[in-house]
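Below is one structure; the comments refer to it alone.
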Amino acid sequence: MRLRVLLLLILVQAGAAHATSIPKPLPPASAGQSVVRIDDVTRFYAVYDKADGNPSAAALQAGYLDVGSVGLQQFAQARISSAQKLADAIARKPQDFRDARHCMSMLPAVRDRLGQVFTKLAQLDPQAEFPPVTIVIGRDNTGGTTTAAGVTIGLEVICRSNWLSPDIVQRLVHLIAHEYVHVQQPAARVDPPADATVLFASLVEGGAEFIGELTSGAVTNTHLKQWTRGQECRIERDFQAHAMDTDMSDWLYNGPGTPDKPGDLGYWVGYRIVRSYYAQASDKSRAIQDILNVSNVGAADFLEHSGWQANDDCGRAAKEQQASAPNADGGRI
């Protein structure tokens with residue numbers, strides 16, 4: 001089973017974790033029974049406060065990692081690695097861990113909102129599974145992990161990801177909604193094939209963005225709506241030219257970028273293709289299943305049936321530019 005990194009904010013190689021017995025994960029639940037755990041964050045800050053913001057590895061091990069949830073213990077093995085590395089991360093970037101306390105106060109509201117998200121997902125996909133969501137404090141190296149066994153969020157990373165929604169509750173809700181779609185996607189549960197294309201990966205991420213929007217009200221990468229403004233034609237033509245490439249480094253998992261040079265544009269274009277596919281579908285329930293079950297082999301066919309064309313946006317952009325251009329009298333055409 002592949003360990004999927006949320007947004008691939010920062011990739012690191014995790015070392016050997018502290019040896020500990022991990023309880024068996026909870027089985028997937030229904031939408032009404034879904035579990036959202038926030039108690040690991042409370043335990044972390046109890047240890048953190050007792051040490052005046054400078055906890056030792058021994059204190060973190062005993063008071064946080066050893067007594068943590070199943071989600072935390074799995075996350076510790078995959079991403080924290082050891083209590084010493086967690087203590088080192090706190091000492092290296094103390095402000096990130098101080099700031100995450102502000103986000104901690106938002107977690108009950110996040111949990112309440114997620115109930116609505118799960119209900120909507122169950123309506124869209126009656127086959128959906130609802131494994132636990134666990135929010136934890138990591139060592140500032142990843143926003144979390146997603147597998148079929150559950151979603152774990154690294155709060156300190158998401159809290160500092162200021163390019164996302166400025167509202168912390170919405171930021172977390174939209175992110176978890178996106179990742180919960182990945183739980184339902186067969187393609188997101190395994191390593192991609194060796195010949196996986198930019199188009200395929202963008203449809204997987206774009207599908208999570210689109211269905212996440214249907215369930216939570218917005219995509220995760222809300223900043224891309226603003227950062228791509230005026231560049232839609234160029235970006236989409238470039239994507240169309242490289243859609244069947246297998247080198248994804250210019251399109252996916254390359255970080256947020258900047259307003260002048262945004263990253264992760266495969267999420268944005270993939271979302272637009274999936275949105276077009278859903279809009280033209282007469283059977284919306286079937287369209288949801290097609291989106292969830294997109295494959296590398298079927299990606300080109302999905303694109304063709306979506307009706308999406310880069311030149312459609314290019315035509316709109318040209319008309320908008322013409323409409324806003326000054327005429328010879330200094331007015332507008």
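Each value in this text was obtained by applying a stated rule to the coordinates, not by laboratory testing. None of the values given here were measured: they were computed from a predicted structure. FYI the Cβ positions are ideal-geometry reconstructions off the backbone, even for glycines, and counts take in every protein chain you see.
Hey, got the dipole for segment 114-266? About the Cα centre, +1 on K and R Cβ, -1 on D and E Cβ, debye to the nearest 20?
On the way: 10 positive and 19 negative charges, 87 e Å.
That gives a dipole near 420 debye.
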Computed FRET efficiency, Cβ-Cβ of Arg234 and Asp88, R0 51 Å: what is it to the nearest 0.05? 0.75
With charges only on Cβ, +1 for K and R and -1 for D and E, what is the dipole size of segment 193-333 about its Cα centre, in debye, rounded to 20? 500
Rounded, prolate or oblate, given the Cα gyration tensor of segment 104-206, with a/c below 1.5 counting as rounded? oblate
Cα-based equivalent ellipsoid, segment 193-333: semi-axes from gyration tensor eigenvalues, Å: 28, 18, 15
Sequence neighbours fewer than 8 away in the same chain don't count; with that in mind, list the aspartates and glutamates whose C-alpha is under 20 Å from Lys284. Asp125, Glu129, Glu205, Glu209, Glu213, Asp301, Glu304
Extension gain (nm, one decimal) between His102 and Asp247, 0.36 nm per residue minus Cα-Cα: 48.3 nm
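For Cα pairs less than 8 Å apart in space and 6+ apart in sequence, what is the mean separation divided by the residue count of segment 193-333, i.e. the relative contact order in percent?
Values: 168 pairs, mean separation 46.3, N = 141.
Once normalised by length, the contact order is 33 percent.
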Exceeding 30 Å between C-alpha atoms, which entries from my cross-link table qualify? They are Lys93/Lys261; Lys50/Lys85; Lys85/Lys120. Lys85/Lys120
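As an exercise, identify the trypsin sites (Lys or Arg not before Pro) in segment 129-232 lying in DSSP coil whose Cβ has no more than 13 other Cβ atoms within 10 Å. If you can, show how the numbers build up before the last one.
Numbers: sites: Arg139, Arg160, Arg171, Arg189, Lys225, Arg229; in loops: Arg139, Arg160, Arg189, Arg229.
Passing sites in segment 129-232 are Arg229.
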Run through all the Cα pairs of segment 153-232 and give the fraction in each 10 Å bin from 0, expressed as whole percent. 18, 43, 33, 6
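Taking the Cβ of Gln289 as the center, what net charge do the other residues with Cβ under 13 Å away carry, scoring Lys and Arg +1 and Asp and Glu -1? The partial results should precede the final answer.
Working: positive: Lys284, Arg286; negative: Asp125, Asp283, Asp290.
Net charge in that neighbourhood comes out at -1.
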